[in-house]
Amino acid sequence: MRNLGDIATGRPNLGTEMPVEVYRLFENAVFEVLAREYGQERADDLVRQAGFESGRLTAEQHLDKNKEKEEFLQDVQELLSEMKIGILRVEKFNLEENEILLSVYEDLDCSGMPVTDDRICVYDEGFIAGLMTFYTGSEFTVREIDCWSSGDRVCRFKGHMNT
């Protein structure tokens, strides 16, 4: 993966943030090219894999996997908010039952988009799986079960450890 560099030094006038519209233009363009080249299912899989790598690397750089569950999840909530990815609410996090249920409000990928009856947050699926794999040491699968784009006003993700 490319080094992210020292963004603050490299952008002393423009800073470290950019409009959500620019992020979505990039993301949508990548989706379109991948879908055209490989089909929608394979495109979703590739974007999910990219999300996984991003989640894992973000966790490695910003989170401590040795913390207790509640403290780790609080750190994840703070990180997602600070990075303006979304506002995370933990609905269920029970590793003994092999299940997590997380909601993301104001999701970077889709909040405010028109209703299309699609669930489009496959990058987020991978990102969350990467975070959880980092914390648990076991590979996670995460799928979106509710999405702003399908008419819900929150993105909800259900995950489990692969056994």
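The values are calculated or read from the model by the stated rules, or taken from the named source; none is laboratory data. The structure displayed is predicted, hence computed values, not measured ones. Neighbour counts are summed over all protein chains in view; Cβ atoms, including those assigned to glycine, are modelled from backbone coordinates with ideal geometry.
Annotations for the structure displayed:
- Among the residues making up region 143-158, those that are surrounded by fewer than 17 Cβ atoms within 10 Å (Cβ to Cβ) and either of a type in the set (Phe, Trp, Tyr) or over 12 Å from Cys110 (Cα atoms) (or both) are Arg143, Ile145.
- Residue, nearest to Met132 (Cα to Cα), within region 94-107, restricted to residues that are at pLDDT 95 or above and hydrophobic (A, V, I, L, M, F, W, C): Ile100
- Meets criteria (on the phi > 0 side of the Ramachandran plot and at pLDDT below 95) for Gly5: yes
- Total residues in region 122-142 satisfying the condition of being surrounded by fewer than 18 Cβ atoms within 10 Å (Cβ to Cβ) and within 14 Å of Leu73 (Cα to Cα): the figure is 1.
- Among helices (runs of 4 or more DSSP H) entirely within region 6-121, having at least 1 residues that are surrounded by 13 or more Cβ atoms within 10 Å (Cβ to Cβ) and out of contact with any strand residue (DSSP E or B) (no Cβ under 6 Å at 6 or more places or on another chain) singles out 20-38, 40-62, 69-82.
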